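Asker: Have a look at the structure that comes next, please.
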Amino acid sequence: MVLKLNHPESKENILKNKLRNKSRVLNHLPLIRKNVNNIRRGKMIGIGLIEFHCTDYCDLNCFYCTYRSRDPFHFPYNKLNKILDLNPKGIVISGGGEPTLYPSGRHSFADLINYFKVKNKDIKLGLTTNGAFVPRGDWKKNLSWIRISIDASTENTFKSLKDGEYQTRMNTLLEYLCEPIPYVGVGFVYNRFNITEIASFIEKIFYFVSNNLGTAYLDKLNIQFRPCCPIQSCICPSPRYHEYSILMTPDMLTWWRNSMKEEIRRIETLRKHKLIKNFIDKNTNFWELLVVSKIKTMPKFNNCYLSLIRFLIRANGNIYPCVMKASNKTPPIGNLLKDDLGMINHRQKGFYRLDSTLCLGATSCCRLDGIKNSIIEAHYTLSRTYSIEDMDPFF
């Protein structure tokens, strides 16, 4: 189903062109080719990007959380060298839990960030946070981007979805906007309980920032909408997500169409104001939400190239190739704190080859990563290089 648009997003949209551009993965194409050759020769494989869950502790209780873990795991500070031993070009610090609440002995989250940059000044760092806490120090200057997950436009909705304090997150947004961080994002994970707040959320963020800091700060601000996994019209085979079927609707397509028609009406009203019109079109991915279809075929690819360039490392040291494997109780590739890299590397090759005992690839829930694998496979044999921005390791 496609809803017709009168006003498609701007060609200058920062999310489509950069921050949420799936083709950014092609910046790793030289490393992918090298790793494929290393597999054939029995050599070690390099890693381009790491999603690092430094702690599983969180102050919120989001019922749609991917991990819903309350295990008090914190990756030991004195083992952070093992992360850098993988020689990644970029690290996304996420969770798991809430990263900024990371404790490891006398070391804090600020120490963790500064450790990475002191040991490797060229590494790129990104952070996803729930905005609970802003650690002291000048560590913010070391970030390429940050995204604060808020997911609600009212205190009541935030309380019912996440069981936390709303205004703290809004104030945190202002604080990060005043720091030397190139891109400050606000995350809104939508489901059947908050989808009617999409337009009001854009309006609230726009005026909250404009009135408190000025319109100049809107240039570095973006709003990223993402669905709770079961909300769209795919039949997800994941047993993990079937546990939370409360997020799904009885009639997804009809419900989706009616809900989005109302949000479009509200957005069109907002767009009568020139400044907010430009902000919606250039700094949000609202227009992407309007294209949804029942997935009949999954993306096609023969190998999982992403497993050669990305690790998701949990707070307990377990390594996974993607979020689906990390959240579905799949045995890990290995454990960074316990296993030697040779063993980890060997199992990593199995995911690349889509060994049926490890991953079913496109026949399992591999929608977003499947698209990226398809993009890589289509470009793999081409000789030209691809770059959105020099030294941009994120995808």
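Nothing in this text is a laboratory measurement; each read-out follows from the coordinates by a stated rule. Treat the numbers as computed from the prediction; the structure is a model and nothing was measured. Backbone-built Cβ (ideal geometry, glycine too); neighbour counts: all protein chains shown.
Asker: Which far-off residues, 5 or more places away or on another chain, put their amide H under 5 Å from the one on Leu312, with H placed in the peptide plane?
Answerer: Those lying under 5 Å, H to H, from Leu312 are Glu51, Tyr320, Cys322.
Asker: Per residue and in cubic angstrom, what volume does the convex hull of the Cα atoms of the range 57-173 have?
Answerer: Expressed per residue, the convex hull around the Cα atoms of the range 57-173 is 110 Å³.
Asker: Return the subset of Lys124/Lys325; Lys325/Lys349; Lys220/Lys261 for which the Cα-Cα distance in this structure is over 19 Å, preserving the input order.
Answerer: Correct reply: Lys124/Lys325; Lys220/Lys261.
Asker: Using θ = phi - 60° and the Karplus curve 6.51 cos²θ - 1.76 cosθ + 1.60, what whole-Hz ³J(HN,Hα) does each residue of the range 330-339 get, with Gly and Pro shown as x?
Answerer: My calculation for the range 330-339 gives 6, x, x, 4, x, 10, 5, 8, 10, 9 Hz in order.
Asker: Something else now. If the only charges are +1 at each Lys and Arg Cβ and -1 at each Asp and Glu Cβ, what is the size of the charge dipole of the range 157-197 around the Cα centre, to the nearest 20 debye?
Answerer: For the range 157-197, the charge dipole is close to 200 debye.
Asker: Continuing with the same structure: Using a Debye calculation, one point per C-alpha and no hydration shell, please list log10 I(q)/I(0) for the range 304-376 at q = 0.22, 0.28 Å⁻¹ in order.
Answerer: -0.96, -1.47
Asker: Now, a different point. Under a Cβ-Cβ cut-off of 10 Å, what is the net charge of the residues other than Ile195 that fall near it, where Lys and Arg count +1 and Asp and Glu count -1?
Answerer: Computed value for this residue: -2.
Asker: Okay, moving on. Run the dipole for the range 14-290 about the Cα centre, Lys and Arg Cβ at +1, Asp and Glu Cβ at -1, nothing else charged, and hand back the magnitude in debye, nearest 20.
Answerer: With Lys and Arg at +1 and Asp and Glu at -1, about 1320 debye.
Asker: Starting from the 7 Å offset along Cα-to-Cβ, what nm value, one decimal, do you get for the label separation of Asn78 and Arg353?
Answerer: Roughly 3.9 nm, to one decimal.
Asker: Could I ask something else about it? Along the range 270-280, what does the Karplus equation 6.51 cos²θ - 1.76 cosθ + 1.60 (θ = phi - 60°) give for ³J(HN,Hα), rounded to whole Hz, x for Gly and Pro?
Answerer: 4, 6, 6, 8, 4, 5, 6, 4, 4, 5, 4
Asker: Which number comes out as Rg/Rh for the range 14-290 once both Rg and the Kirkwood Rh are worked out on C-alpha atoms?
Answerer: Rounded to two decimals, Rg over Rh is 0.97.
Asker: Picking from Thr254, Ser153, Asn222, whose Cα lies most toward the positive end of the charge dipole for the range 14-290 (charges on Cβ: Lys, Arg +1; Asp, Glu -1)?
Answerer: Value: Asn222.
Asker: Restricting to the range 14-290, what percent of DSSP beta bridges are antiparallel, rounded to 5?
Answerer: Working: 3 of 29 bridges.
Beta bridges within the range 14-290, antiparallel portion: roughly 10 percent.
Asker: Right, here's the next one. Quick one: what are the phi-derived ³J(HN,Hα) couplings along the range 166-177, Karplus 6.51/-1.76/1.60 with θ = phi - 60°, whole Hz, x for glycine and proline?
Answerer: Values, residue by residue: 6, 5, 4, 5, 5, 5, 4, 4, 4, 5, 5, 5 Hz.
Asker: While we're looking at this one, here's another question. Can you pull out the trypsin sites (Lys or Arg not before Pro) in the range 11-49 whose DSSP state is coil and whose Cβ has at most 16 other Cβ atoms within 10 Å? Write down the numbers at each step before the final one.
Answerer: Details: sites: Lys11, Lys16, Lys18, Arg20, Lys22, Arg24, Arg33, Lys34, Arg40, Arg41, Lys43; in loops: Lys11, Arg20, Lys43.
Within the range 11-49, the qualifying trypsin sites (Lys or Arg not before Pro) (loop, at most 16 other Cβ atoms within 10 Å) are Lys11, Lys43.
Asker: Enumerate the amide H contacts of Arg226 below 5 Å, restricted to partners 5 or more residues apart or on another chain; note that Pro and chain-start residues carry no placed amide H.
Answerer: So Arg226 has HN proximity to Phe188, Val189, Tyr190.
Asker: Please report, in debye to the nearest 20, how large the charge dipole of the range 148-223 is about its Cα centre when each Lys and Arg carries +1 at its beta carbon and each Asp and Glu carries -1 there.
Answerer: Numbers: 6 positive and 9 negative charges, 29 e Å.
My answer is approximately 140 debye.
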